[in-house]
Amino acid sequence: AEPSAATAAYYRDEAALLNAQGLVADGYDALGGQQTFQGELTLGYYSPDIKRMVVIGTELTPATRVVLAHELTHALQDQHFTLDLTDAGFNQRAIVEADAMRVEDAYRATLPADEQAEADVVLMGDEGTAAAADGIPWTVLDRMYAPYALGPALVEQAFADGGNAAVDRLIISPPTEEVLANPWLAGDDGAAVDDDVTVGVEASEGDDLRPVGPLSYLTAVVMLDAWLPWTEARAALEGWEGGSIRAV
């Protein structure tokens, strides 16, 4: 569907903010990137708002059944917990996605070898999928795939230690973004920095200042990762849980 004026304006602002952060080149089409991700790189999703799942495909192929196992896990989670699968609920989303991936993998393992191979062809993507991903800057893809990449280490350890009950506790009390990005910090009682560090620019008279928005730990890591070695990027943010940003 044609995006609304409000949606188009939101993604124009998003592109401008990403450019100000040094994550994308000027002129990046943030709306087009989001549409590509949802339309060509996403095989299914569950919506807590309408209590429905959407899965690409018209037949119950092995790949479709594996995706259903993932999305049905979200439906089950939603029956027991209040899910926030938006960017605002990133910490919890990383855990519930990792939990659904765990169930998806367990279901896939029950399929005959030939059906596993058939499913993998679809789930792993093809040249068309790779071409679509190439049109999205890696810094943006990092943020899009972050919930699927950062949660598994914590969920796998929790499940090994205490089964589903331990994973449930993670869903109820998700870790900070710093712990998600650095899972070896789990259980560390060190005090986090509470100060709201603000990153911005010196504005000139007549500048169009955008509203103050959140600057999450994850966004800051991606920003620094684009310019600094891995260890330096994380060391600079040690103990910091986020702040705010304002761009012109």
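Data overview
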| read-out | value |
| --- | --- |
| Order by protection proxy (mean Cβ within 10 Å, highest first), peptides 107-116, 20-29 | 20-29, 107-116 |
| On Cα atoms only, tilt of 138-150 relative to the major axis of the chain in degrees | 50 |
| Net charge dipole size for the range 1-160 [Lys, Arg +1 and Asp, Glu -1 on Cβ; Debye, nearest 20] | 440 |
| In order through the range 58-68: 3J(HN,Hα) via Karplus (6.51 cos²θ - 1.76 cosθ + 1.60), integer Hz, x for Gly, Pro | 10, 10, 7, 6, x, 5, 4, 5, 5, 5, 4 |
| The range 39-170: proportion of alpha-carbon pairs further apart than 24 angstrom, % | 32 |
| MRE, 222 nm, helices only [DSSP H, n ≥ 4, -39500 (n - 2.57), over the chain, to nearest 500] | -17500 deg cm²/dmol |
| Sulfur and carbon atoms: percent of accessible area, the chain [1.4 Å] | 54 |
| Unit charges at the beta carbon, dipole of the range 57-139: most positive-side option, Val103, Phe81, Val66 | Phe81 |
| Per-peptide average of other Cβ atoms within 10 Å, ordering 86-94, 39-47 highest first | 86-94, 39-47 |
| Long-range amide H partners of Trp240 with built H, under 5 Å | Val193 |
| Shape call, the range 117-192: gyration tensor on alpha carbons, a/c limit 1.5 | oblate |
| Calculated SAXS-style log₁₀ I(q)/I(0) at q = 0.12, 0.13 Å⁻¹ - the chain, Debye, Cα scatterers | -0.82, -0.96 |
| Diffusion constant of the range 3-105 at 10 °C, which comes from Stokes-Einstein with the Kirkwood Cα-pair radius and 1.306 mPa s, µm²/s | 102 |
| Where only alpha carbons of the range 13-71 are counted, the Rg and the Dmax (Å) | 15.9, 45 |
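The values are calculated or read from the model by the stated rules, or taken from the named source; none is laboratory data. Worth saying up front: this structure is predicted, and the values here are computed from it rather than measured. Quick reminder, even Gly has a Cβ in these numbers, built from the backbone with ideal geometry, and neighbours come from all protein chains shown. The accessibility values were calculated without ligands, DNA or RNA, using every heavy atom of the protein model including side chains. Shrake-Rupley method; radii C 1.70, N 1.55, O 1.52, S 1.80 Å.
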